[in-house]
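Data first, discussion second: the structure below is written as structure tokens.
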Amino acid sequence: MIQRREFNRMTALAAAAAAAKARAQNAPAAPAASNDGIAWDKAPCRFCGTGCHVRVGVKNGRVVAIEGDQLAEVNKGLLCVKGYHVGLALYGKDRLTQPLLRRNGVLEPISWEEAVETISQKIMAAPEQFAIYGSGQWTIPEGYAANKFIKAGLSSNHIDPNARLCMASAVTGFLSVYGVDEPAGCYDDLDKCDVLILWGNNMAEMHPVLFSRVIDRRTRGERVTLIDIGTRRTRTSEFCDHYLEFRPHSDLAIMNGIAHLLIKKNAFDPKFVEKFCNFRQSPKDPAASPTAPLNGEAMSFDDYKAALEPYTPEHVEKLSGVPAEKIRMLGDLFADKKIRITSTWCMGFNQHSRGTNANRLCHGIHLLSGHFGRPGDAPTSLTGQPSACGTAREVGTMCQFLPGGLQILNEEHRHEAEHIWNVPQGRIHPKIGHHTMLMWERFCTPAEKGGDIRTIWVQVTNPGQTLPNLHRFFKAKAGQPDKFLIVSDVYRTATTELADLVLPSAMWVEKNGMFGNSERRTQQWFRMVRPPGEARDDAWQMIAVARRLHDLGHAGMKDKDGRFLFTFKNDKGEEVPVWEWPRYYDVNVDKALFEEYRLFSRHKHKDLAPYDEYVKARGLRWPVVQQADGSWRETKFRFSEFDDPYVKKGAEIQFYHSVTKDDKALIWFAPAEKAAEEPDAEFPFWLCTGRVLEHWHSGSLTRRIPQLHASMPHSYVEMHPEDAREKGFTNGETITVRTRRGGLRLPVWIDGRGHPPRGSLFIPFFDERLLCNDITLGDIDPVSKQPDYKKCAAAVARA
Amino acid sequence: MSDTLSRRGFFAAFRRPFERRAAPVLPPVIKAEQPAAASAPVAKVAIVQGRFCIALTSFCAACVERCPVSGAMKKERGMPMVVADVCTGCGICHDVCPAPRNAVLMLPRRQPSTPQPA
Ligand code: SF4
Ligand code: SF4
Ligand code: SF4
């Protein structure tokens, strides 16, 4: 059996070179180069939200080796296939090394001064028509700088991260159930649970190190029951005790079926429910107030019971296709208080046009049954990006948030932020900004037709590949000369195709950084190598533009006392002009930004420790609270008295940010509904999109890593063998997949990695040459505004 | 599995569309290398070195998925295994293996079946 420890000495880059040599001679690989002269430091992995730590080996100014970090609790020395090769993400041949401006259709090199001037002029011309499209891969200080720049500096809330496409429904789910974002539990639940339910969650491919943590328990002889509830057999299903396949969009019916059984058999937890829960449903009039859709309206327990009445196992079977006896099995599991149940989910729930409701119902069955608040008993969402929690959510780079969980719509919250930022009251705009989908729609719409966004600055993300329905939300920008797209990235991408200005960025260990992973763990690293050419930090780019606006006389770039918003002092108390690139690392700007941001973190009890604590740790899970002896203690299980220091003594469980202000969480009812576009005679297939093990999201990094590229060279469409046979398709044949948005030609893979059921197709989105988002629908969830990438109607034909 | 659905068919086509598409407007695509054994005169056989394979820790199965010869590779308790008598030595499994140390060795074929280290 494989020992985790064995992987620690594997140095991916050195090994890769050795392997290439070995291949040439067709002989066994030589042992990896000795460690002489290699300097090691820690960093979280650049890729997924699992948040593994790696040790990075640097020699002669280059990253030469990567190891799993044994001191890291998340991965205990292990990495997944992407993590082992993460160092190579820096060294693709076509790194961007100079700012490029489009002139007569061609991107031509310009100087940084010109680039900063160009952006500043665009903003000065129409600050209210400028927007920032950011990322869950922004480091925490980068996101914080961008958020402060636009909200405090430009008095505009037109900033949104790509997390809108990824975690927005989880956010609205947590907010509307607990009154505060992010999971109560953590990865330790995976070590403790008796039953793990994966709700449309292909953990083996998307969070492999986490999944191996669970599978490892089995190899040690522990018993853990895995239940996969999904719409397609995946690599994860292979390891599961039960695979329950449901009709796309009917997962809400399944959860209602479980709640129905708990109530019918009187098997819910009345003590827990009475003490800790209230009931809620969607408001009859969602337009009543801006917060109505999120907060819903109260319902009595009797109303709740009545609403669930129709969801008998037989009815749920009819809606979902999952056999009634399997629904009963789930009901019995939740009815059993002796076992511990952990639920995980990711894009299956979130990229769902009823995503908020799906999240709510999942929390609901845990609360109703009392499977909450003990280690191993928790509903936990997993993030796809390394700092979706850390940057997009906690720093509040979404258009409706301020840092630390404060809300734009709340006047007191705005004043609190204005106070911390030392800007005059009223500086922060009271209206929420354009969320991602609206931002891009308005950008793609001509000004005279209401397109009120003229310039977008994209950092660390690739919307030209990842937005749904690209023709409508991205490509329509082409041919509109008054629209200006700025892209900060490390490689050319589908997004830079339409960019007017491209800025070369430093990435990962080429800069200082901090991430926050799925389990509330805040992580830190230092710059270890220099970025290539003229590539520079994203936060520097933002600060340099802010400074230029300051010099051009933009009043917003100054605080109440007339000081520049990004004023940093060195140890001697002297101000350092960090907007001059050679001076940027004269102070630790990350630390300064983080210490300021930290002031926000107390409001919602998301307390962060001082920067230096993170330097020492392999991440700490918030709230991190100082102890009597001066040490800092992280929190694994929120809202539970035994671990969360903010729970009142004797309360047992306390939802101290409760929406209803009575320390209770909300159990929601939401009906099962039909999808916006279901298969019909003309488009008879469901089309689902998603990720693969080898590639990280849009593939701009992993497709440049030879090992990963060789292992998964291009996209494909999966279909059921019977469907293929009926159509007469051979394996590998190029076919056309058509939807109402357009067509896409790509090879069909039958009996490949995933196994979609009859009448269903799957296409991964990593391949920029085969953009599945040309044809996705992107129907949005009305509460979270997150688009659905998992279902639309499609037809197939010979290419 | 019927002939129309053979793995061979799929993987014969696996590279084709991309070599045609590979001169894109977008950045140069890193090309998958050609099978190592394609030009090798000696008959080869693949073996999986268990200690380098990341099937159980990273849920990789690239070799099994991409082996073009039906029955030449199988999974045993999650780990890939080569059935030496069926393996043609084409080397695709070696080429696609993404482990930090390539876990697939191509050995000259001597005996009809090569024992596999655990
Ligand atoms: S599981 Fe995620 S964080 Fe861990 S090594 Fe793999 S990609 Fe990196
Ligand atoms: S060498 Fe070719 S035939 Fe043999 S196991 Fe590998 S891929 Fe299959
Ligand atoms: S491709 Fe390599 S790492 Fe992956 S399962 Fe096969 S031998 Fe193991």
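Values as computed for the structure displayed
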read-out: Qualifying residues in region B:88-111 (those that are more than 9 Å from chain A (Cβ to nearest Cβ) and more than 13 Å from ligand 3 (Cβ to nearest atom)) - the one most open to solvent (accessible area, probe 1.4 Å); value: B:110
read-out: Test: residue in region A:722-731 that is of a type outside the set (Phe, Trp, Tyr), in contact with a strand residue (DSSP E or B) (Cβ under 6 Å, 6 or more places away or on another chain) and under 25 Å from residue B:93 (Cβ atoms); value: yes
read-out: Qualifying residues in region A:190-216 (those that are assigned to a helix (DSSP H, G or I) and open to solvent by 10 Å² or more (accessible area, probe 1.4 Å)) - the one farthest from ligand 2 (Cβ to nearest atom); value: A:192
read-out: Residue within region A:465-485 that is over 20 Å from residue A:49 (Cα atoms), assigned to a strand (DSSP E or B), open to solvent by 10 Å² or more (accessible area, probe 1.4 Å) and of a type outside the set (Lys, Arg) present; value: yes
read-out: Filter pass, residue A:71 being modelled with pLDDT of 95 or more, part of a loop (DSSP other than H, G, I, E, B), away from ligand 3 (no atom under 16 Å from the Cβ) and away from chain B (no Cβ under 14 Å); value: yes
read-out: Filter result (open to solvent by less than 10 Å² (accessible area, probe 1.4 Å) and polar (S, T, N, Q)) within region A:110-155; value: A:120, A:135, A:139, A:147
read-out: Among the residues listed as B:70, B:58, the single one being among the hydroxyl-bearing types (Ser, Thr, Tyr) and within 10 Å of ligand 3 (Cβ to nearest atom); value: B:58
read-out: Any chance residue A:492 is touching a Pro at 6+ places or on another chain (Cβ under 6 Å) and open to solvent by 20 Å² or more (accessible area, probe 1.4 Å); value: yes
read-out: Conditions (1) farther than 30 Å from residue A:561 by Cβ; (2) buried (at least 22 other Cβ atoms within 10 Å of the Cβ); number of the one not met by residue A:391; value: (1)
read-out: Selection count where residues are assigned to a helix (DSSP H, G or I), under 26 Å from residue A:538 (Cα atoms) and open to solvent by 10 Å² or more (accessible area, probe 1.4 Å), scope region A:590-627; value: 11
read-out: Count of residues meeting criterion [under 26 Å from residue A:580 (Cβ atoms) and among the small types (Gly, Ala, Ser)] in region A:95-134; value: 5
read-out: Qualifying positions in region A:245-277 - part of a strand (DSSP E or B) and crowded, with 21+ Cβ neighbours inside 10 Å; value: A:277
read-out: Residue count, region A:628-646 (criterion: touching a residue at least 12 places away in the same chain (Cβ under 8 Å), open to solvent by 30 Å² or more (accessible area, probe 1.4 Å) and of a type in the set (Asp, Glu)); value: 2
read-out: Those residues of region A:700-725 which are over 24 Å from residue A:757 (Cβ atoms) and touching a Ser or Thr at 6+ places or on another chain (Cβ under 9 Å), in sequence order; value: A:700, A:708, A:709
read-out: Filter result (within 6 Å of ligand 2 (Cβ to nearest atom) and either within 11 Å of another protein chain (Cβ to nearest Cβ) or touching a residue at least 40 places away in the same chain (Cβ under 8 Å) (or both)) within region B:69-87; value: B:69, B:87
read-out: Subset of region A:704-722 (residues that are open to solvent by 10 Å² or more (accessible area, probe 1.4 Å) and either more than 7 Å from chain B (Cβ to nearest Cβ) or in a strand (DSSP E or B) (or both)); value: A:720, A:722
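Yes/no per residue for (1) part of a loop (DSSP other than H, G, I, E, B); (2) open to solvent by 20 Å² or more (accessible area, probe 1.4 Å); (3) polar (S, T, N, Q):
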{"position": "A:697", "(1), (2), (3)": "yes, yes, no"}
{"position": "A:736", "(1), (2), (3)": "no, yes, yes"}
{"position": "A:749", "(1), (2), (3)": "no, no, no"}
{"position": "A:758", "(1), (2), (3)": "yes, yes, no"}
{"position": "A:776", "(1), (2), (3)": "yes, no, yes"}
{"position": "A:782", "(1), (2), (3)": "yes, yes, no"}
{"position": "A:785", "(1), (2), (3)": "yes, yes, no"}
{"position": "A:790", "(1), (2), (3)": "yes, yes, no"}
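The values are calculated or read from the model by the stated rules, or taken from the named source; none is laboratory data. A quick note: this is a predicted structure, and the numbers were derived from the prediction, not measured. Cβ coordinates were reconstructed from backbone atoms using ideal geometry, including for glycine residues, and neighbour counts include every protein chain displayed. Just the protein is used for accessible areas: all its heavy atoms, side chains included, with ligands, DNA and RNA removed. Shrake-Rupley method; radii C 1.70, N 1.55, O 1.52, S 1.80 Å.
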